[in-house]
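The values are calculated or read from the model by the stated rules, or taken from the named source; none is laboratory data. In this text the structure is predicted, and so the values were computed from the model without any measurement. Heads up, the Cβs are rebuilt from the backbone with ideal geometry, glycines too, and the neighbour counts pull from every protein chain shown.
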Amino acid sequence: MFLKDCWYVAAWSKDVSDGLLPVKIIGQPVVLYRLASGEAIALEDRCVHRLAPLSCGKREGDDLRCMYHGLRFAPDGRCVEIPGQDIIPPIARVYRYPVTEKGGWVWIWPGDPQLADAGLVPDVIGPGNPDWKIITSQIDYDAHADLVIDNLLDFSHLTYVHANSFAADKQWAEKRPKVERIERGLRVSRWLSTAPAMRPALTLYGQPVDTYQTYDFIAPGILTMQIAFCEPGSQKRSDDGPPVDGILRVNGNSQAVTPIDDHKTRYFFGLGSRSADTSDEQVNMIGKVGLAAFTEDRQMIEGQQQIMNISPGVRPMPTNADIAITHFHSIIRELAKQEAARMDGSGTTA
Amino acid sequence: MFLKDCWYVAAWSKDVSDGLLPVKIIGQPVVLYRLASGEAIALEDRCVHRLAPLSCGKREGDDLRCMYHGLRFAPDGRCVEIPGQDIIPPIARVYRYPVTEKGGWVWIWPGDPQLADAGLVPDVIGPGNPDWKIITSQIDYDAHADLVIDNLLDFSHLTYVHANSFAADKQWAEKRPKVERIERGLRVSRWLSTAPAMRPALTLYGQPVDTYQTYDFIAPGILTMQIAFCEPGSQKRSDDGPPVDGILRVNGNSQAVTPIDDHKTRYFFGLGSRSADTSDEQVNMIGKVGLAAFTEDRQMIEGQQQIMNISPGVRPMPTNADIAITHFHSIIRELAKQEAARMDGSGTTA
Amino acid sequence: MFLKDCWYVAAWSKDVSDGLLPVKIIGQPVVLYRLASGEAIALEDRCVHRLAPLSCGKREGDDLRCMYHGLRFAPDGRCVEIPGQDIIPPIARVYRYPVTEKGGWVWIWPGDPQLADAGLVPDVIGPGNPDWKIITSQIDYDAHADLVIDNLLDFSHLTYVHANSFAADKQWAEKRPKVERIERGLRVSRWLSTAPAMRPALTLYGQPVDTYQTYDFIAPGILTMQIAFCEPGSQKRSDDGPPVDGILRVNGNSQAVTPIDDHKTRYFFGLGSRSADTSDEQVNMIGKVGLAAFTEDRQMIEGQQQIMNISPGVRPMPTNADIAITHFHSIIRELAKQEAARMDGSGTTA
């Protein structure tokens, strides 16, 4: 089961427009659109009448008309017209999800709307932030979201899965990062000492660098990363903490894992560099290499899912590379327990 | 579960020939062919020996030979030859379904053959009737038959689903038809007052008309419709009953909903006009517009089915447009109850 | 359920090379490769760490590195490196299947490795045997292995399924073969008297021949056949036993049925003639006609599987052509019972 009391990325803000965008989030059908005011709206994509998809409907001003039998819904989800019927019963409403926008993403909250605090949306590095140049993209996986999350919590895979795309150094696999508990998630940080930088497309440096990577990974599956390529010696001078000098370039990105259902996952990512460090050409290369790398991930993760499907009862064998994974799952279990307790106390959420 | 003691449309008569036509009806595999005499035959499409499809077999005269191991079956279903074996056990027979032909369709009766009264086949408007020019076609839906049936019992959807194809007036959605109980089904009738006619291809009248539509919808899912386009004022002069004068043109059609299984449905339709009212060109246009409209239906109904699949426990909310639907389902439940009572009393049917 | 304590054909020897070949056998994921020494290796295709497919990994010498997080496995299945971790727990090993090669095939034993006696591999007529010219191929079926096995145990289907490809005589259907019990299987033999030979491509004889066919069918599903085309009169002179004179030509082949899982089956076959009897051109024709014939089988068997899928509770009706089928299934049941008894006694096998 998936957490409900949290913000999921539903779509890129740029993809939510006048039109009707159907998405499925943790198994729930949702239709997204934007009011004349520009506000993004997320409604249950299921007419109350005969369960037809409202996303096959039509905008009428800010309202949404089901194009099966013509019921019309206001942006708050209330049915405001049933053709040929005067009385509209109060149960005639579709659920309106709490929505917020931040960092180039439209976020929706499938759980208890009373708890939908926009302040819980993490700070992410997205498009439209003048400090960063960011290339955006997304991929769907035929795999459970947990496998995508686990991939992002153990970057030892860079050396192997991304040998071609990122040309990632062996230190990614051999050195363990520092893992710290933060609010609703983890902070994962590491230095790579005097090693060839990742694929030139990413760094444009031929000579060895000290590399500092740090990312926050927040429930339900939001990653925000900075990666600094520094002059050799920077690590030492920084006493293994964040770099204090010698920074040549800082790349940054945010990634979001949204379960479509138990079998499919949508993976959103914006990749780039600090505007000060990069040209459009360079950031396009970063986007291209990143997409190649995530396609490598998809191939491995979908293969893993297929093996898991035919391996009931076979358990993974954790290594010390799994510390963040193990830790993050216990955070999720804890949040799920709190959520269940709230639901026991107060009836069900939407 | 589907009714068994009733006539289902299995195929268009024109499609049943010398060759072997496999069809699936309420989950049962059936093979259709035509005897030298011209009689249409429906046999269980499953060899008694190792359950191979007889439709992969071969005609030998009026018999049907399974082309796996050569068992030969007479048109009554009896096995008449087992190659290399002298004795043919009496259980070596495939079921022969009661079949009748009417209105351009081959009908089969999957239930108790004792009850298969050809008189129960409704009068339909089909090809070959000199009074009508009819264009025939069929579509398969990835949806349960009930969703197709419900679509046909609530024509308020015309205004929305068929805004493009039929250019249907708003009165379809806003005015409720008269619904009467008839033998094994319902009669649904309505007037539309002085409104633009449907898509010119259907009526060829530019000026507003009074429109009278009436159709019978008979279990398990057979619709026969007439729709009269009349001079304005005809409705009033007819006192809301069938038109007594001013008829400009009468279109007619029959439609049949046959469950393939729980997930797929075959939808047969013959659309046209009274021969007196129409040219070949006009009736071709009617067929073309109708096919476009039913493709609109399919898109909506398959979308509805997909939403229903991920919405266990979510119930439709009836409106006053659903009166015929609700009524028809209670007729089906009643027939199913009678059928179950008969089966309890007399053992199972085929 | 499938037998485990037996040899299954996993692949053609020629297809197992330096690279990694993933196969699925009785539902188990397996990766095949060949050591520098030339020895064929079969490992569980599932990394112990996070269950990624090792077949997405990389050879490093004789070892196999998982390309997800870099665990390295020796050919005996032991994990010999976990990047970034000094201690390798003893449970960090993947299962190595017993493997043997014979007759052009790589065989693997999914059951108790203590019982994996290479002596149990039947003698087959495969490529590389100087006495035979053999053309090899394979087909996957969307059907349970039992249906493919049953097909091979009742050659009365030749007359019907292979009327086109083999132009098989009616005697195949009408005369019952001699069926004898042999170790772990059956021997099936028959004479066809003075009949047109099979498709000229197979025999190159226009005139009628006496045909003697004999094959062994061994658990789990290995067939080895010889078929002698003889001068008319040979059958009589041989007193219905194997031909003693007048042999014009001997074709031979071996066929193996390997369950992929409960729904899919891989079918391997090598078809040909005694080297003394045939030219390369002739044996190419045999391969071509055989592939056409087995494609006919696949069409019938997949049709049969589809009918069976929608016919729960419908049982086949055995004929006297099914003697070998019935007999062979009782052999399999007996072997399964012995296997279950061993497992009860000794814990589970791999």
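What to note about this one:
- Of all the listed residues (A:278, A:319), the sole one being touching a His at 6+ places or on another chain (Cβ under 8 Å), of a type in the set (Ser, Thr, Tyr) and surrounded by 18 or more Cβ atoms within 10 Å (Cβ to Cβ) is A:319.
- Hey, residue B:49 under 24 Å from residue C:143 (Cβ atoms), within 13 Å of chain C (Cβ to nearest Cβ) and surrounded by fewer than 23 Cβ atoms within 10 Å (Cβ to Cβ) or not: yes
- Filter result (out of contact with any Phe, Trp or Tyr (no Cβ under 8 Å at 6 or more places or on another chain), within 22 Å of residue C:183 (Cβ to Cβ) and among the small types (Gly, Ala, Ser)) within the range C:314-337: C:330, C:336
- Residue A:111 vs. criteria without any contact (Cβ under 8 Å) to a residue 40 or more places away in the chain, farther than 30 Å from residue B:293 by Cβ and either buried (at least 22 other Cβ atoms within 10 Å of the Cβ) or away from chain B (no Cβ under 14 Å) (or both): no
- Of all residues in the range B:284-328, those being over 20 Å from the mean Cα position of the chain (by Cα) and assigned to a helix (DSSP H, G or I) number 12.
- Unique match (being touching an Asp or Glu at 6+ places or on another chain (Cβ under 7 Å), more than 9 Å from chain C (Cβ to nearest Cβ) and in a helix (DSSP H, G or I)) among A:342, A:333: A:342
- In the range B:236-255, the residues that are in contact (Cβ under 8 Å) with a residue 24 or more places away in the chain and more than 24 Å from residue B:280 (Cα to Cα) reach residues that are surrounded by fewer than 18 Cβ atoms within 10 Å (Cβ to Cβ) and among the basic types (Lys, Arg) with C-beta atoms within less than 9 angstrom, at least six apart or across chains, in these pairs: B:240/B:178; B:243/B:237.
- When the range C:53-77 is filtered for residues that are without any contact (Cβ under 8 Å) to a residue 40 or more places away in the chain, under 17 Å from residue C:91 (Cβ atoms) and within 13 Å of chain A (Cβ to nearest Cβ), the ones remaining, listed by number, are C:66, C:69, C:71, C:72, C:73.
- Screening residue C:259 on (1) surrounded by 17 or more Cβ atoms within 10 Å (Cβ to Cβ); (2) modelled with pLDDT under 95 shows it passes everything except condition (2).
- Residue count for the range C:154-175, restricted to those that are of a type in the set (D, E, K, R) and in contact with a helix residue (DSSP H, G or I) (Cβ under 6 Å, 6 or more places away or on another chain): 2.
- Filter result for the condition that a residue is at negative phi, outside the structural domain of residue B:216 (by TED's automatic domain parsing), crowded, with 21+ Cβ neighbours inside 10 Å and of a type in the set (A, V, I, L, M, F, W, C), over B:106, B:161, B:148, B:80: B:106
- The set of residues from the range B:179-193 being of a type in the set (A, V, I, L, M, F, W, C) and either under 23 Å from residue B:5 (Cα atoms) or within 13 Å of chain A (Cβ to nearest Cβ) (or both) comprises B:182, B:186, B:192.
- Considering the range C:114-128, the residues that are more than 15 Å from the chain's Cα centre (by Cα) and surrounded by fewer than 18 Cβ atoms within 10 Å (Cβ to Cβ) include one that is modelled with the lowest pLDDT, namely C:128.
- Residues of the range C:78-97 that are facing another protein chain (nearest Cβ under 9 Å) and over 19 Å from residue A:174 (Cα atoms): C:91 alone.
- Taking every residue in the range A:89-100 that is assigned by TED's automatic domain parsing to the domain that holds residue A:74 and pairing it with any residue that is modelled with pLDDT under 95 and surrounded by fewer than 19 Cβ atoms within 10 Å (Cβ to Cβ), at least 6 positions away or on another chain, the pairs with Cβ-Cβ distances below 6 Å are A:95/A:350.
- Total residues in the range A:1-49 satisfying the condition of being part of a loop (DSSP other than H, G, I, E, B) and hydroxyl-bearing (Ser, Thr, Tyr): the figure is 2.
- Of the residues making up the range A:3-27, just one is surrounded by 22 or more Cβ atoms within 10 Å (Cβ to Cβ), within 21 Å of residue B:306 (Cα to Cα) and more than 14 Å from the chain's Cα centre (by Cα), namely A:23.
- Test: residue A:188 is touching a strand residue (DSSP E or B) at 6+ places or on another chain (Cβ under 7 Å), closer than 19 Å to residue A:320 by Cα and touching a residue at least 40 places away in the same chain (Cβ under 8 Å): yes
- Residue B:101 being part of a strand (DSSP E or B) and away from chain C (no Cβ under 14 Å): yes
- Residue check for residue A:30: β-branched (Val, Ile, Thr), crowded, with 23+ Cβ neighbours inside 10 Å, in contact with a Pro (Cβ under 9 Å, 6 or more places away or on another chain) and at the interface with chain B (Cβ under 9 Å from one of its Cβ atoms): no
- Scanning the range B:294-316 for residues that are surrounded by fewer than 20 Cβ atoms within 10 Å (Cβ to Cβ), within 8 Å of another protein chain (Cβ to nearest Cβ) and β-branched (Val, Ile, Thr) turns up B:310, B:314.
- Just so you know, in the range B:299-322 the residues that are in contact with a Leu (Cβ under 9 Å, 6 or more places away or on another chain) and β-branched (Val, Ile, Thr) include one that is nearest to residue B:263 (Cα to Cα), and it is B:301.
- Per this entry, residue C:116 is counted among residues that are more than 22 Å from residue A:306 (Cβ to Cβ), away from chain A (no Cβ under 11 Å) and touching a residue at least 12 places away in the same chain (Cβ under 8 Å).
- Positions within the range B:164-178 being facing chain A (nearest Cβ under 8 Å) and within 14 Å of residue B:195 (Cβ to Cβ), in sequence order: B:170, B:173, B:174, B:175
- Selection within the range A:132-154 - of a type outside the set (D, E, K, R) and within 10 Å of another protein chain (Cβ to nearest Cβ): A:147, A:151
- Among (1) within 19 Å of residue A:251 (Cα to Cα); (2) touching a residue at least 24 places away in the same chain (Cβ under 8 Å); (3) surrounded by 23 or more Cβ atoms within 10 Å (Cβ to Cβ), the one test that residue A:172 misses: (2)
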